[in-house]
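The values are calculated or read from the model by the stated rules, or taken from the named source; none is laboratory data. No experiment lies behind these values; they were computed from the predicted model shown. Cβ: placed from backbone, ideal geometry, glycine included. Neighbour counts: every protein chain shown. When the accessible area is computed, the model is the full protein with side chains, heavy atoms only, and any ligands, DNA or RNA have been set aside. Shrake-Rupley method; radii C 1.70, N 1.55, O 1.52, S 1.80 Å.
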Amino acid sequence: EKGGFDHFMLKEIFEQPQTIFDSLRGRLDAVQQTITLSGVEKIADKLLAADRIIIVACGTSWHAGLLAEYVIEELCRINVEVEYASEFRYRNPIITDKDVIIAVSQSGETADTLVAIENAKKQGATIFGIVNVVGSSIARLSDAGAYTHAGPEIGVASTKAFTAQLAVLYLVALKVARIKGTIEDTLYDRLSADLAKVPEYVQQILDKQDMIIRAVAAKYSDARDFLYLGRGYNFPIALEGALKLKEISYIHAEGYPAAEMKHGPIALVDENLPVVFVATKDSYHEKIVSNIQEIKARKGKVIAVVSEGDSVVTDLADDVMTVPQIHEIIAPLLSVIPLQLLSYYIGVNRGLDVDKPRNLAKSVTVE
Ligand code: F6R
């Protein structure tokens with residue numbers, strides 16, 4: 001049932017070209033450049049009238065929500081707040097019938113997310129669910145939604161469900177931007193064309209980088225701490241990379257916005273600290289290059305996710321994991337893949353049960 005893979009986690013990482021394709025299938029027509037999402041169409045009037053969108057989630061799904069904040073604000077010019085469901089539900093937030101709440105959940109059963117949207121619904125908000133498990137509680141409670149179509153995820157650490165969430169969130173953002181008229185045709189065409197290329201590009205990463213990442217993992221499997229840094233669209237991916245490493249390897253890891261490093265975490269840097277930079281070619285590239293130089297000047301070890309052909313970061317870094325060049329808004333769907341593999345191989349090297357990390361459950365149905 002593991003399809004020849006040693007673990008479900010690895011199988012699910014390798015399924016991503018297919019699962020991302022499945023998330024886009026029947027929705028994104030790359031030839032006609034149209035996006036069909038009946039859930040968005042159903043609440044289009046609410047979305048058009050909304051002053052803000054609140055995204056509610058936990059864990060990895062919260063990271064998908066955080067990226068969606070960057071994307072929706074950029075493309076749709078709607079305020080977005082991203083909330084940890086547990087905090088949101090207990091702090092008596094101000095919600096009105098003009099609010100649209102997007103709940104992101106693989107299982108559709110996470111207690112905090114479920115109760116958060118139950119409360120918001122009582123106060124008149126419209127709930128849009130982005131859920132993997134069909135017919136789950138969050139899916140049933142939502143007024144509208146879009147399933148992620150990643151298929152069953154067995155590995156406790158989320159991989160393919162996360163990229164499926166991102167794929168759907170990109171579609172939602174593009175669709176809403178189109179309806180609102182906040183996106184230029186050229187950008188819309190470029191992003192939908194690049195989104196359609198993601199399955200093929202993910203396959204290329206898996207084919208070309210797997211052996212390389214195994215070797216990188218072997219070098220750093222004994223590290224005690226890791227820092228993950230990224231800026232802009234890649235900041236949520238730094239957080240996700242750190243979470244994945246913690247869960248699978250029990251190595252302490254922290255994700256930070258790269259520029260925040262100077263405000264504290266840089267005190268940790270010495271020759272024993274691996275720092276993972278999510279440094280694909282984007283509008284922040286020069287800035288992240290100088291952040292890398294600051295780590296190198298303090299003898300930190302730099303592992304970087306880079307775009308193909310980036311000789312600047314490749315020369316500076318101790319190790320690189322390469323992904324194809326794609327529009328910066330879509331790049332997180334590629335840059336997360338090497339980080340999933342890195343965590344997996346480090347966990348395996350440490351002899352751990354990567355499919356069932358200690359203390360974790362696949363769905364957190366108690367608060
Ligand atoms: C991380 C992970 C958890 C879940 C979180 C939310 O790998 O699996 O952080 O993302 O418990 O779960 P769902 O998405 O089912 O609501």
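Computed over the chain with a Gaussian network model linking Cα atoms closer than 10 Å, the most mobile of 18, 203, 32 is 32. Here the relative contact order of region 190-278, from alpha carbon pairs under 8 Å that lie six or more residues apart, stands at 32 percent.
Convex hull volume of the Cα atoms of the chain, normalised per residue: 132 Å³. Across region 163-180, computed HN-Hα scalar couplings (Karplus, 6.51 cos²θ - 1.76 cosθ + 1.60, θ = phi - 60°) run 5, 5, 4, 4, 4, 5, 5, 4, 4, 4, 4, 5, 5, 5, 4, 5, 5, 7 Hz from first to last residue, x flagging Gly and Pro. Estimated translational diffusion coefficient (Stokes-Einstein, Kirkwood radius over Cα pairs, 10 °C, 1.306 mPa s) of region 1-141: 97 µm² per second. List the residues of region 246-284 whose backbone N lies under 14 Å from a point placed 7 Å from the Cα of residue 222 along the Cα-to-Cβ direction. Hits in region 246-284 for residue 222 at 14 Å: 272-273. The alpha carbons of region 191-326 stretch over 42, 29, 26 Å along the principal axes, in descending order. Volume of the convex hull of region 75-177 (Cα atoms only), normalised per residue: 99 Å³.
Couplings 3J(HN,Hα) of region 36-43, computed from phi: 10, 9, 4, x, 5, 4, 4, 10 Hz, in residue order, whole Hz [Karplus 6.51 cos²θ - 1.76 cosθ + 1.60, θ = phi - 60°; x for Gly and Pro]. For region 277-309, the residues whose backbone nitrogen is under 16 Å from a point 7 Å from the Cα of residue 271, taken along Cα to Cβ, are 296-302. Ratio of alpha-carbon Rg to the 2.2 N^0.38 Å globular estimate for region 1-59, to two decimals, please. Compared with the compact-globule rule of thumb, region 1-59 sits at 1.67. Comparing 124, 108, 145 in a Gaussian network model of the chain, where Cα atoms under 10 Å apart are tied by springs, the biggest mean-square fluctuation is seen for 124.
Legend: residue pairs 121/362; 219/281; 46/121, Cα-Cα distance threshold 19 Å; pairs beyond threshold, 121/362; 219/281. Taking only the alpha carbons of region 277-367, we obtain Rg and Dmax values of 16.2, 48 Å in that order. Take every pair of alpha-carbon atoms less than 8 Å apart whose residues are at least six positions apart; their mean separation over the length of the chain yields a relative contact order of 19 percent. For the chain, the longest principal axis of the alpha carbon atoms and the long axis of helix 235-249 meet at an angle near 70°.
Think of a 1.4 Å ball rolled over the protein heavy atoms: region 248-367 then has 42 Å² of accessible area per residue.
Sorted from greatest to least, the principal axis extents spanned by the alpha carbons of region 284-335 come out as 32, 19, 17 Å. Close amide-amide hydrogen proximity is noted between residue 55 and 81, 82, 83, 102, each under 5 Å apart and 5 or more residues distant or on a separate chain (H modeled in the peptide plane; Pro and chain starts excluded). When a 1.4 Å probe is rolled over the protein heavy atoms, the share of accessible surface on the chain that falls to carbon and sulfur comes to 50 percent. Each residue, residue 1 and residue 49, gets one label point 7 Å from its Cα in the Cβ direction; the gap between the two is 4.7 nm.
Applying the criteria of a DSSP loop state and at most 16 other Cβ atoms within 10 Å to the chymotrypsin sites (Phe, Trp or Tyr not before Pro) of region 179-264 yields 250.
For the chain, the longest principal axis of the alpha carbon atoms and the long axis of helix 332-349 meet at an angle near 50°. Across 278, 320, 269, mean-square fluctuation computed from a Gaussian network of the chain (C-alpha pairs under 10 Å connected) peaks at 269.
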